[in-house]
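Below is one structure, written out as structure tokens, with a few remarks after it.
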Amino acid sequence: MNIRKIIKSLISFGFLLCFAIAFGYENQKGDTLDIGEYLKYVDGDKIYPSVKQMEMLKAVMPIEAFQPAPAISNREYWEKIANSSSGQAYLKSALEKLGKQPEVPITDEIYRRANLEGNRGIYKPRYYRTMDRLEHFILGECLENKGRFLPQIKVYIQAIMEMKSWLHPNHDDKDNGVLEGRRVSIDLGARKFGMVLAMAEVLLRDKLSDTLRKEIAGQLQWRIVDTYLKSCSILDENNKWIKSTSNWNSVCTSGTIFTTIATSDKEEERLAAVGSALNSMKYYLSGFGEDGYCSEGLGYWGYGFGHYLYLAQILYDYTGGKINLFAADNPEKLKNVGNFPEKFEIQNERCAPFSDGVSTISKKGSNFANVLSAMYYGAIKPSEFRMEEAAEQLVAWAHPKAFTPEENPIEGKTELPDHSYFDDFGMVISRGKQQEPFSIAVKAGHNAENHNHSDVGTYVLVYDNDLISGDIGAPSYTAGAFSPDNKARSSWGHPVPRVNGKLQSNGNEFSGKITETEFSIDRDIVVMDIKPAYVVEGLQKLERTLVNNKKGKGTITITDSFKASEPMTFGTAVMVSDAYEVLDDHTILITTENQQVKVEIMAEGGVVGVLPEIVPVKHLRSGKTAYRIGIDYVAPLRSGSITVRFTPYH
């Protein structure tokens with residue numbers, strides 16, 4: 001072999017070996033961690049790892065800190081990235097931001113006002129512009145290495161460190177305890193500020209002065225590491241999310257762990273942080289059904305599960321695969337979670353906006369969760385890759401194959417099944433197969449779900465591309481948005497019954513249960529018991545039955561049947577966010593952008609009346625005005641049933 005080729009091969013091998021050491025940490029300290037076994041040794045209800053758990057972690061974790069990518073001094077690595085198409089695109093974006101005038105992320109006055117009013121618009125854009133620009137400048141400098149990003153990097157770092165609080169203002173307590181320095185807490189914003197500063201420290205290193213690096217380290221220690229480990233040891237008011245089943249847990253944990261394992265110079269802290277994360281993720285994952293159902297909807301699946309997968313990836317890379325959260329202690333469940341989006345789509349990129357979920361599959365924002373789900377769980381691989389955070393971009397550069405489009409992608413869209421049944425949470429999607437499909441999603445669930453709405457029995461109808469009727473979605477996040485009395489959050493603002501003047505109650509025990517299903521080519525039937533969602537003395541039965549007749553253009557009926565020991569008032573509702581016309585007490589015509597649907601009302605046991613009311617919520621996330629069309633018996637009765645039949649109208 002030509003000596004030049006031999007030398008070149010040795011150099012290449014050396015580079016790959018260094019890269020493997022940097023990202024794999026293959027120190028052969030022990031075997032892969034059995035997470036199921038690890039979780040058996042948890043110390044009571046503590047998140048902080050027990051003595052036995054710490055011993056197990058020492059056998060699999062490296063003694064050195066985590067390096068998310070080679071430092072800027074490794075020019076061979078960064079020049080290779082800079083010459084790639086993604087590196088060039090990233091540098092171009094960073095340069096475009098370089099001319100932007102720096103701005104104060106937030107003043108104390110705006111912070112207090114935003115907290116009082118719940119007004120995110122007056123601070124959130126600045127928060128995220130600050131983070132986004134600094135991330136781009138850091139990676140831009142690594143790619144280019146000319147020093148022209150450094151002045152702005154230092155300005156932005158200093159501005160962040162001078163902030164009294166890194167929290168979103170509305171996540172502080174009503175007395176602004178974090179702003180006033182009475183306590184320290186991590187939230188969705190603080191974890192990101194911490195990550196960005198940590199990234200600057202570990203990637204730029206001696207490009208920053210010793211004084212600045214020391215100050216960064218000090219800030220990260222008290223704002224992130226110390227408060228996290230304290231809360232994990234003794235649960236306090238500062239970081240209650242460590243036991244949450246919502247996206248908060250995975251998002252805040254991933255950022256906190258990145259910061260701790262990358263910047264802490266104490267092995268004990270790094271072990272404790274990782275061990276706490278493993279214990280904490282048990283709670284997060286318990287928020288999903290065994291069938292993969294995500295009660296937070298598709299938007300929060302991407303956000304929350306995306307950060308879980310990011311945490312899994314950095315721990316996998318850090319330990320050379322010895323800590324594997326992609327499988328954790330329940331690989332089948334995680335595979336189901338990873339494939340949730342495809343099963344949750346109703347049709348034509350429409351989905352159910354239950355809880356605070358979205359109604360359309362987004363073509364914007366990060367699809368990092370989709371890419372890693374394709375990589376580890378066999379989900380459909382996206383044809384394009386969108387990332388919102390620099391941390392995601394570092395993973396993409398470290399794992400280029402996962403973020404490279406398929407050479408021969410599957411042409412066209414995968415056909416959705418006739419129905420999807422998430423039996424763990426009690427949610428069904430019944431899909432019409434007409435040329436213009438007429439479909440429905442319906443949910444039993446319970447009234448203590450993440451981003452909870454009092455909505456046991458809620459549904460949404462989709463005709464071709466248009467949402468026709470049903471769940472109106474979330475209120476915008478302003479003051480009062482999370483109150484259970486908010487009309488868009490209570491059962492008043494959902495297409496469910498009102499019994500003897502009572503709405504649904506809140507709590508895990510206030511639930512629905514699917515008692516019968518029948519799925520066929522021509523017809524789907526779902527029967528659910530929704531009585532447990534109500535506290536009404538004398539109510540003996542409350543049952544909701546859905547029938548999707550798929551023949552012809554399709555007909556969907558919702559029937560609510562009740563029985564009581566004494567006469568009581570009873571009614572249900574049709575919810576709309578588009579034009580409608582009440583033709584008479586038995587007929588409504590709904591008109592959307594592209595479709596019309598006739599609604600026929602039939603009642604047994606008594607006479608019903610129709611009463612339209614505007615939903616008195618100024619800011620719905622849909623941007624539309626919603627209406628509740630009440631359908632109520634005019635007199636109390638012991639038993640009865642109301643059927644609402646939806647039929648495409650031409």
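As a check on your grasp of the helix formula, calculate [θ] at 222 nm for the chain: sum -39500 (n - 2.57) over DSSP H runs of n ≥ 4, divide by the residue count, round to the nearest 500.
On the way: 19 runs with 221 residues, N = 650.
Rounded to the nearest 500, the figure is -10500 deg cm²/dmol.
Could you let me know the centre-to-centre spacing of the stretch 195-225 and the stretch 312-326, using Cα atoms, in angstrom?
24
With a 1.4 Å probe and every protein chain kept in, tell me what percent of the accessible surface of the chain is carbon plus sulfur. Write down the numbers at each step before the final one.
On the way: 13840 of 27280 Å².
Result for the chain: 51 percent of the exposed heavy-atom area is carbon or sulfur.
Show me, for the stretch 45-58, the HN-Hα J-couplings you get by feeding each phi into the Karplus relation (A = 6.51, B = -1.76, C = 1.60, θ = phi - 60°), rounded to Hz, glycine and proline as x.
Karplus values, whole Hz, x for Gly and Pro: 9, 6, 8, 4, x, 6, 4, 5, 5, 5, 5, 5, 5, 4.
Can you give me the orientation-averaged projected area of the convex hull built on the Cα atoms of the stretch 293-404, in nm²? Don't skip to the answer; put the middle values down first.
Details: hull surface 27.2 nm².
For the stretch 293-404, averaging the hull's shadow over all directions gives 6.8 nm².
How high is the relative contact order of the stretch 400-492, in percent, counting Cα pairs under 8 Å that sit 6 or more residues apart? Walk me through the numbers on the way to the answer.
On the way: 120 pairs, mean separation 15.4, N = 93.
This gives 17 percent for the stretch 400-492.
Can you give the relative contact order of the chain as a percent, counting alpha carbon pairs under 8 Å and 6+ residues apart? Mind dumping the intermediate values first?
Numbers: 1291 pairs, mean separation 63.7, N = 650.
Here the relative contact order equals 10 percent.
How much of the calculated P(r) for the stretch 68-266 lies past 24 Å, in percent of all Cα pairs? Walk me through the intermediate numbers first.
On the way: 8240 of 19701 pairs.
Of the Cα pairs, 42 percent sit more than 24 Å apart.
Using the Karplus curve 6.51 cos²θ - 1.76 cosθ + 1.60 with θ = phi - 60°, what ³J(HN,Hα) values do you get for each residue of the stretch 183-189, in whole Hz, with x for Gly and Pro?
7, 10, 9, 10, 9, 5, x
Could you check how many percent of all C-alpha pairs in the chain are farther apart than 47 Å?
Values: 48027 of 210925 pairs.
Distances greater than 47 Å cover 23 percent of the Cα pairs.
How much accessible surface does Lys207 have with a 1.4 Å probe, in Å² rounded to 10?
Its accessible surface works out to 70 Å², give or take rounding.
How much net charge surrounds Ala379 when only other residues with a Cβ under 12 Å from its Cβ are counted (Lys, Arg +1; Asp, Glu -1)? Write down the numbers at each step before the final one.
Values: positive: Lys335, Lys343, Lys381; negative: Glu342.
Surrounding charge for Ala379 is +2.
Mind listing the long-range amide H neighbours of Arg523? Cut-off is under 5 Å, sequence gap 5 or more, other chains count too, H placed in the peptide plane at 1.01 Å from N.
Lys550
Among Leu416, Ser93, Gly255, whose Cα projects farthest towards the positive end of the dipole of the chain, with charges put on the beta-carbon of Lys, Arg (+1) and Asp, Glu (-1)?
Ser93
Name the long-range amide H neighbours of Ser469: under 5 Å, sequence gap of 5 or more, or other chain; modelled H, no Pro or chain starts.
For Ser469, whose amide H was placed from the backbone, the distant partners under 5 Å are Leu461.
Could you give the size of the charge dipole of the chain about its Cα centre, using +1 on the Cβ of each K and R and -1 on the Cβ of each D and E, expressed in debye and rounded to the nearest 20? Working shown, then result.
Working: 74 positive and 83 negative charges, 297 e Å.
Value, rounded to 20: 1420 debye.
Give me the accessible area per residue for the chain, probe 1.4 Å, as a whole number in Å². Each step should come with its number before you reach the end.
Working: 27280 Å² over 650 residues.
With the other protein chains kept in place, the chain gives 42 Å² per residue.
Skipping prolines and chain starts, which residues have an amide H placed within reach, meaning under 5 Å, of the one on Arg498, given they are 5 or more residues away or on another chain?
The answer is Gly571, Thr572.
Could you give each residue of the stretch 70-82 its phi-based ³J(HN,Hα) in whole Hz, using Karplus coefficients 6.51, -1.76, 1.60 with θ = phi - 60°, and x for Gly or Pro?
Values per residue, Gly and Pro as x: x, 5, 4, 5, 7, 5, 4, 5, 6, 5, 5, 5, 4 Hz.
If one takes the longest principal axis of the Cα atoms in the chain, at what angle in degrees, from 0 to 90 and to the nearest 10, does the Cα axis of helix 210-220 lie?
Around 30 degrees separate the two axes.
In terms of solvent-accessible area of protein heavy atoms at a 1.4 angstrom probe, what is the ranking of Asp418, Asp560, Asp45, highest value first? Before the final figure, lay out the partial values.
Values: Asp418 55, Asp560 0, Asp45 105 Å².
So, going from the largest accessible area down, we get Asp45, Asp418, Asp560.
Could you please state, rounded to a whole Å, how far the C-alpha centre of the stretch 480-521 is from the C-alpha centre of the stretch 33-56?
38
Please report, in cubic angstrom per residue, the volume enclosed by the convex hull of the alpha-carbon atoms of the stretch 90-170. Let's see the in-between values first.
Numbers: hull volume 6.8 nm³, N = 81.
Value for the stretch 90-170: 83 Å³ per residue.
The values are calculated or read from the model by the stated rules, or taken from the named source; none is laboratory data. None of these values were measured; they are calculated from a predicted model. Note that each Cβ is placed from the backbone with ideal geometry, even for glycine, and that neighbours are counted across all protein chains shown. The area values use the complete protein model at the heavy-atom level, side chains included, leaving out ligands, DNA and RNA. Shrake-Rupley method; radii C 1.70, N 1.55, O 1.52, S 1.80 Å.
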